[in-house]
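Novice: Supplied in structure tokens, the structure appears directly below.
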Amino acid sequence: MQGVTPLNIGWKSLVWSFIALLLLLSIPTPLNALTLFLLMTPFVILFTTLRPAVFAGHAAVIAAAAYLLSGAYGPLALTLMIFFLVPSIVMGFLYKKRRKAWSIVLAGFLVILAQLLLELVLFSLQFRIDLSAELAALIQNSLTQFETSGMMPAGWAANTASDLGDAIVTMLPLLLLLSSFLFAIITHGLTRAAMSRAGVQLPALPQAKTWRLPRSLVWYYLIGLVISYAVPADGGGFWTVVSANLVPLLRFAFTVQAIGFFFFLADARKWSKVVPVLIAVPIVLFPPFYLIGLLDVAFPLRRYFVK
């Protein structure tokens, strides 16, 4: 990494502070799902390019402005800012230390995951609630309109909400892992792109064509499949939770491997760089394509495409 040096307060830092404020103010809007995945980027850039004391001043002003301008949503905006500020500082610190990209993404992932787990534990202990029941009630409120309009039979909303609530709780480990990973990887990608436009080169992840998963994951996947067929899907035991999370998680990993395989194939056959990007879209949208990645991990497919 080259060119990351402490900066004084300038117009670029003010622009990124303003972007961070806008993202916090958009939390009460329907754009909040997108906002959350963008929120870390301005804070990472600010911490990477500013001295710690100057960054603290920017963060304090952003927090105060977000709290005052968000009205009734002020506490929520402030809470989310504090939550994402911690991994942003960790990633920004590692950028300053010139660490490798994977170590930075991994650190961000672990910090976010630890915070999510801590928040979940504290929330459960403080309010002593049944998460499955609360989710079912929330989902039922959204689905009741289909019953009242006559589109669905009576009792459909309650039954569907209960099943969805149980499924979400069962797959909560998977959801936490994937969301933490996406927060970290998206932040790295956006931060690197923004800093590159400013003339600062941050470390890049390995090229997609070099992505290779360990072959042992194939055995873990097979074990997960056996467990999924051996235990009841509607159970609440340990092995049910393991199978409900392990199999989808490994399928996601094999999907990423499949994307890497086509980047390798495009490079080996001298295809346009656009081709593997276009191929990645149906791979992500059509789940069975994960089998390509599984086969790429299990067998030496790539050697057959190299002259």
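The values are calculated or read from the model by the stated rules, or taken from the named source; none is laboratory data. Here the structure is a predicted model, which is why all the values come from computation and not from measurement. Glycine gets a Cβ as well: all are built from the backbone with ideal geometry, and neighbour counts include every protein chain shown.
Novice: When the residues of region 187-207 are narrowed to those that are hydroxyl-bearing (Ser, Thr, Tyr) and under 17 Å from the mean Cα position of the chain (by Cα), which ends up nearest to Gly260 (Cα to Cα)?
Specialist: From region 187-207, those hydroxyl-bearing (Ser, Thr, Tyr) are 187, 191, 196; that's our starting set.
Retained after the next criterion (residues that are under 17 Å from the mean Cα position of the chain (by Cα)): 187, 191.
On the way: Thr187: 20, Thr191: 22 Å.
Selected residue: Thr187.
Novice: Just to be sure, is Ala266 more than 25 Å from the chain's Cα centre (by Cα) and farther than 23 Å from Thr170 by Cα? Before the answer, list the steps.
Specialist: Working: more than 25 Å from the chain's Cα centre (by Cα): yes; farther than 23 Å from Thr170 by Cα: yes.
Answer is yes for this residue.
Novice: For region 271-282, which residues satisfy the criterion of being closer than 15 Å to Lys209 by Cβ and free of Cβ contacts under 8 Å to residues at least 40 places away in the same chain? Spell out how you get there, then give the answer.
Specialist: Of region 271-282, the ones closer than 15 Å to Lys209 by Cβ are 271-277, 279-280.
Once the filter is applied, which keeps residues that are closer than 15 Å to Lys209 by Cβ and free of Cβ contacts under 8 Å to residues at least 40 places away in the same chain, region 271-282 yields Trp271, Ser272, Lys273, Val274, Val275, Val277, Ile279, Ala280.
Novice: Considering Leu85, Leu23, Leu50, Leu46, which residue is under 25 Å from Arg197 (Cα atoms), touching a residue at least 12 places away in the same chain (Cβ under 8 Å) and in contact with a His (Cβ under 6 Å, 6 or more places away or on another chain)? Steps first, please.
Specialist: Working: Leu85 fails: in contact with a His (Cβ under 6 Å, 6 or more places away or on another chain); Leu23 fails: in contact with a His (Cβ under 6 Å, 6 or more places away or on another chain); Leu50 fails: in contact with a His (Cβ under 6 Å, 6 or more places away or on another chain).
Every option except Leu46 fails the conditions.
Novice: Something else about it: So in region 280-307, with the set limited to residues that are at pLDDT 90 or above and within 16 Å of Gln207 (Cβ to Cβ), which one is farthest from the chain's Cα centre (by Cα)?
Specialist: Asp296
Novice: Among the residues of region 285-304, which ones are within 19 Å of Lys209 (Cβ to Cβ), part of a helix (DSSP H, G or I) and not aliphatic (A, V, I, L, M)?
Specialist: Within region 285-304, Phe289, Tyr290, Gly293, Asp296, Arg302, Arg303, Tyr304 qualify.
Novice: Which condition breaks for Ala33 when tested against (1) over 20 Å from the mean Cα position of the chain (by Cα); (2) more than 26 Å from Lys96 (Cα to Cα); (3) hydrophobic (A, V, I, L, M, F, W, C)?
Specialist: (1)
Novice: Ok, one more. When region 50-73 is examined, which residues are found to be crowded, with 17+ Cβ neighbours inside 10 Å and in contact with a helix residue (DSSP H, G or I) (Cβ under 7 Å, 6 or more places away or on another chain)?
Specialist: Within region 50-73, Leu50, Phe55, His58, Ala59, Ile62, Ala63, Ala65, Ala66, Tyr67, Ser70 qualify.
Novice: Ile185: assigned by TED's automatic domain parsing to the domain that holds Ala114 and either modelled with pLDDT of 95 or more or crowded, with 19+ Cβ neighbours inside 10 Å (or both), yes or no?
Specialist: yes
Novice: With the checklist (1) free of Cβ contacts under 8 Å to residues at least 12 places away in the same chain; (2) not in a helix (DSSP H, G or I) in hand, flag the one item Pro203 doesn't pass.
Specialist: Going through (1) free of Cβ contacts under 8 Å to residues at least 12 places away in the same chain; (2) not in a helix (DSSP H, G or I) one by one, Pro203 breaks only (1).
Novice: If a residue must be of a type outside the set (A, V, I, L, M) and under 16 Å from the mean Cα position of the chain (by Cα), how many such residues does region 104-127 contain?
Specialist: Number satisfying all stated conditions: 3.
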